[in-house]
Amino acid sequence: MDEYCADYKDLFKEVRNYECFKYLHLGIISTIKRKSLPEIAKVVSINSAQSLHHFLANSDWSVDELKQRRLNKLKQVLNGQAITVVIDETGDRKKGKKTDYVARQYLGSVGKIDNGIVSVNAYGVYSNITFPLMVKVFKPKGTLKEGDKYKTKIELASEMITELMEEGFQIELVLADSLYGESSQFIRKLDEYNLAYVVAIRSNHGVWLPAGQSVRANNWCKFERTFSNQKSETRYIREIIYGKKRTITYWEITTDPETMPENSTSFVMTNLQGNLKKTLGDLYGLRTWVEYGFRQCKQELGWTDYRFTNFQHIERWWEIIFCVYTMISLNSPALLALNQSRQIEAEGQRTSHIDFSNHQQWNHESGWKNVLNNLRLIVQPLLLFWLIYPWLDIFPNSQLLLGFNHLIAAMNQFKPCYASG
């Protein structure tokens, strides 16, 4: 964590701001359920959460510079490797009307219209490991401030595609849901950069056809949908042909061709060429892994645990979360392997090297959540030490038993991951 955060050190003019930056990383990956600033302050042994609040609300650092540095780190690690970009939006409930850009609107997290805030997100995927790229808040018309310009979610997504291309990311495929798949504006933006795409469309999607041409569906083909853990399940796919064969093709993917269950049936459109019956299902399935990854971001890292009403402060919190998420992703075997030679060289320069993987509770799987659990395992002795540090002075005297009881109580808070001995 120190090595990762050191790459951002020069962005913070004051040492205490840099320390708060590291404290937030440590607290966010800890096992506390709610990542509020008071809870983070407790777990990292800060007397008051006020310093963390000041860091996010009032200190002098730029969220744009932090984002740029994070993207540069990702580009350096990827070293020209092609990635898949997934565009998706997420909405979260927020009570009241004081928080910037909160309004009654459709929230994907609850599946209905409710009071909340919505953002459009771009995630990258490399070898089934997800990592965050960009986020832009959606500003409903009734919430615009002076100087704001209304932009649709389609426009926000199109802007992110442009920014990622200008940043120099090598994008081999773009995945998006039907909101973007049904948008000719978004598709034109992808065509502008000659990007391959697989996007969802509505089941009643329409295509203009010359007189005399009709719509037909090919026979269902069975294929094995392979997941990132190498497990597989049977799926079915068929092509829907509008009139004559075109460069853009249309497909149905389902778990049951007889009943066509709504929750597991997708209609997709793509400009990919070749025999897609065996590959298209896995490619579009990557989108579900990003949705899973973003749920992890909310549940494990506290995406919605802020208590700010000013969006400038919320934006800073989101970018810190993205920094933590990136740190976890960069420690995955897939991304570590890209810089294996550099890692070996760096390890050779250390005076001592500890192989944490020998720990009896080390998780040897390669998923994002597995990496997070291993990082938590590494930092827990430090968190435990900070927790019992205020009582250490009582151990040499007659109150040793009381101190021991405090120690046991402290360890019980970490019993899900902490190993005795």
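The values are calculated or read from the model by the stated rules, or taken from the named source; none is laboratory data. The model shown is predicted, which means the values in this text are computed figures rather than measured ones. Glycine also receives a Cβ, built like all others from the backbone with ideal geometry; neighbour counts cover every protein chain displayed. Note: areas computed on protein heavy atoms with side chains; ligands, DNA, RNA excluded. Shrake-Rupley method; radii C 1.70, N 1.55, O 1.52, S 1.80 Å.
Quick look at the numbers
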item	result
Degrees separating the helix 311-330 axis from the principal Cα axis of the chain, which is the longest one	90
Residue-averaged [θ]222 nm for the chain, counting only DSSP H segments that reach four residues, each worth -39500 (n - 2.57)	-12500 deg cm²/dmol
Residue (of T254, P333, L276) at the positive-pole extreme of the chain, dipole from beta-carbon charges	T254
Choice from I241, I40, I87 with maximal GNM fluctuation in the chain (Cα, 10 Å cutoff)	I241
Student exercise, the range 59-198 dipole from Lys, Arg, Asp, Glu Cβ charges, in Debye to nearest 20	700
Heavy-atom surface of the chain, accessible at 1.4 Å and reported per residue (Å²)	52
Once exposed loop GluC sites (Glu not before Pro) are cut out (DSSP; at most 14 other Cβ, 10 Å), longest piece of the chain	15-145
Charge context of H313, other residues only, Cβ under 10 angstrom, K/R +1, D/E -1	0
Summed side-chain charge close to K189 - residues other than K189 whose Cβ falls under 11 Å, Lys, Arg +1, Asp, Glu -1	-3
Degrees between helix 153-167 axis and first principal axis of the chain (Cα, 0 to 90, nearest 10)	70
Rounded percent of accessible protein surface that carbon and sulfur make up, the range 1-99, 1.4 Å probe	45
Exceeding the 19 Å Cα-Cα cut-off - candidates K95/K369; K97/K139; K9/K73	K95/K369
Cα shape, the range 145-273, gyration tensor, a/c 1.5 rule	prolate
Candidates per chymotrypsin sites (Phe, Trp or Tyr not before Pro) in the range 61-155, loop by DSSP, up to 14 other Cβ within 10 Å	Y150
Of N358, N72, N17, the one that fluctuates the most in a GNM where the chain has Cα springs shorter than 10 Å	N358
Candidates W208, W220, W303, ranked by Gaussian network fluctuation over the chain, Cα under 10 Å, top entry	W208
Helix 280-301 axis, angle to the chain major axis (alpha carbon atoms, nearest 10°)	30
Rg ratio (alpha-carbon, reference 2.2 N^0.38 Å) - the chain	1.11
Neighbourhood net charge (12 Å Cβ-Cβ; Lys/Arg +1, Asp/Glu -1) for I201	-2
Cα gyration tensor category, rounded, prolate or oblate, for the range 171-237 with a/c compared to 1.5	oblate
